Amino acid sequence: GDSVTQKEGLVTLTEGLPVMLNCTYQTIYSNAFLFWYVHYLNESPRLLLKSSTDNKRTEHQGFHATLHKSSSSFHLQKSSAQLSDSALYYCALSDLYGSSGNKLIFGIGTLLSVKP
Amino acid sequence: EAGVTQSPRYAVLQEGQAVSFWCDPISGHDTLYWYQQPRDQGPQLLVYFRDEAVIDNSQLPSDRFSAVRPKGTNSTLKIQSAKQGDTATYLCASSPSGQFSNERLFFGHGTKLSVL
C-alpha cells in the first residue's frame, strides 16, 4: 500500500540557518498528490504546501518544495529558519485514482525546533 | 469564518468505559473525516463521510468504534469499551466538495484521549 517516510523525528536548528525536512513516499500509482501540513502548538494542523506536478517548485510562506517523481521525494525547504517556524511538520500523500483514493496518508511528522 | 469545532478537548477514562467525541465542521463542507493520531505518529484515517453517507470506514475498529453524521453536518465518534491502545488524539477535519477535496482539509484542535 501507499506510505510516506519522514526519517527525522526531530530537527533542531539555529535561527537563520537553512531548513530541509525530508519526505519520501511510496505508491505504485502515477497520480500522486503530495502535501505538507504544519501543526503549531495549541493550533490545528493546516495545509502549508501541495503539489502534483513533477519537477515544479511550489512555494508558500517562505517555504518551498519540489515534487520529484523519479526519486519519490517532496522535501520541504526554507532558506532561513525563524523562531516562529518551530512546529510539527507532516508530509502526506494522496493518489486520487489509486489505493488511497480520496484520503491522505500521513508520515509520522518531523518536529522542527528553532533556537536563537 | 468559524473553523472546525471539536469537543471535548480532553478525556480521561478507565479501560472499559465509553466515550463520545463531537465534531462541528465548517459550514458548507460536505466531507468530514475522523483521524486517530497516537503519540509520536502521524494522523491515521478512521472514517470519512460525504454528507451523511459513510464513504470509507475500513480502518474503523467496528467492534468498539462507531461514527455517525445523521444530517450531513455534525458528527459523533464513539468508543464503546475503551482500551489503553485507544490512547491518542482524535482529529476531525472537513473539506468542501470537489474532485480534489482532500487538498483542502481543515482540522479541528482534536480531542486528546487517555485510557488508564
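The numbers here are math on the coordinates, done by the rules we state, and not lab data. Remember, predicted model here, so these are calculated numbers, not experimental data. Neighbour counts are summed over all protein chains in view; Cβ atoms, including those assigned to glycine, are modelled from backbone coordinates with ideal geometry.
In table form, for the structure just shown:
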read-out: Restricting segment B:30-51 to residues that are touching a Ser or Thr at 6+ places or on another chain (Cβ under 9 Å) and among the acidic types (Asp, Glu), the residue that is surrounded by the fewest Cβ atoms within 10 Å (Cβ to Cβ); value: B:ASP51
read-out: Residue that is farthest from the other protein chains (Cβ to nearest Cβ), among those in segment B:31-54 that are farther than 21 Å from A:VAL38 by Cβ and out of contact with any strand residue (DSSP E or B) (no Cβ under 6 Å at 6 or more places or on another chain); value: B:GLU52
read-out: Scan of segment B:52-64 for residues that are of a type in the set (A, V, I, L, M), over 23 Å from B:SER114 (Cβ atoms) and surrounded by 15 or more Cβ atoms within 10 Å (Cβ to Cβ), ordered by number; value: B:ILE55
read-out: Segment A:68-91 residues that are away from chain B (no Cβ under 14 Å), paired with ones that are in a strand (DSSP E or B) and polar (S, T, N, Q) (beta carbon under 6 Å, 6 or more apart); value: A:SER72/A:THR24; A:SER73/A:THR24; A:SER86/A:SER113
read-out: Strands (runs of 3 or more DSSP E) within segment A:1-111 that include 2 or more residues farther than 22 Å from B:ALA93 by Cα and of a type in the set (A, V, I, L, M); value: A:10-14, A:19-21
read-out: Residues (buried (at least 16 other Cβ atoms within 10 Å of the Cβ) and more than 14 Å from chain B (Cβ to nearest Cβ)) located in segment A:39-63; value: A:PHE63
read-out: Segment B:3-29 - residue that is assigned to a loop (DSSP other than H, G, I, E, B) and within 12 Å of chain A (Cβ to nearest Cβ) and, of those, surrounded by the most Cβ atoms within 10 Å (Cβ to Cβ); value: B:VAL4
read-out: Number of the condition not met by B:SER97 [criteria: (1) of a type in the set (S, T, N, Q); (2) touching a Phe, Trp or Tyr at 6+ places or on another chain (Cβ under 6 Å); (3) exposed (fewer than 14 other Cβ atoms within 10 Å of the Cβ)]; value: (2)
read-out: Identity of the residue in segment B:65-76, crowded, with 17+ Cβ neighbours inside 10 Å and closer than 15 Å to B:GLN36 by Cβ, that ends up farthest from the chain's Cα centre (by Cα); value: B:PHE65
read-out: Segment A:24-37: number of residues that are within 11 Å of chain B (Cβ to nearest Cβ) and under 24 Å from A:GLN61 (Cα atoms); value: 4
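Residues are listed down the side, and each one gets a yes or a no for (1) in a loop (DSSP other than H, G, I, E, B); (2) within 16 Å of the chain's Cα centre (by Cα); (3) under 19 Å from A:CYS91 (Cα atoms):
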{"site": "B:TYR48", "(1), (2), (3)": "no, yes, no"}
{"site": "B:VAL54", "(1), (2), (3)": "no, yes, no"}
{"site": "B:ASP63", "(1), (2), (3)": "yes, no, no"}
{"site": "B:ALA82", "(1), (2), (3)": "yes, yes, no"}
{"site": "B:LEU91", "(1), (2), (3)": "no, yes, yes"}
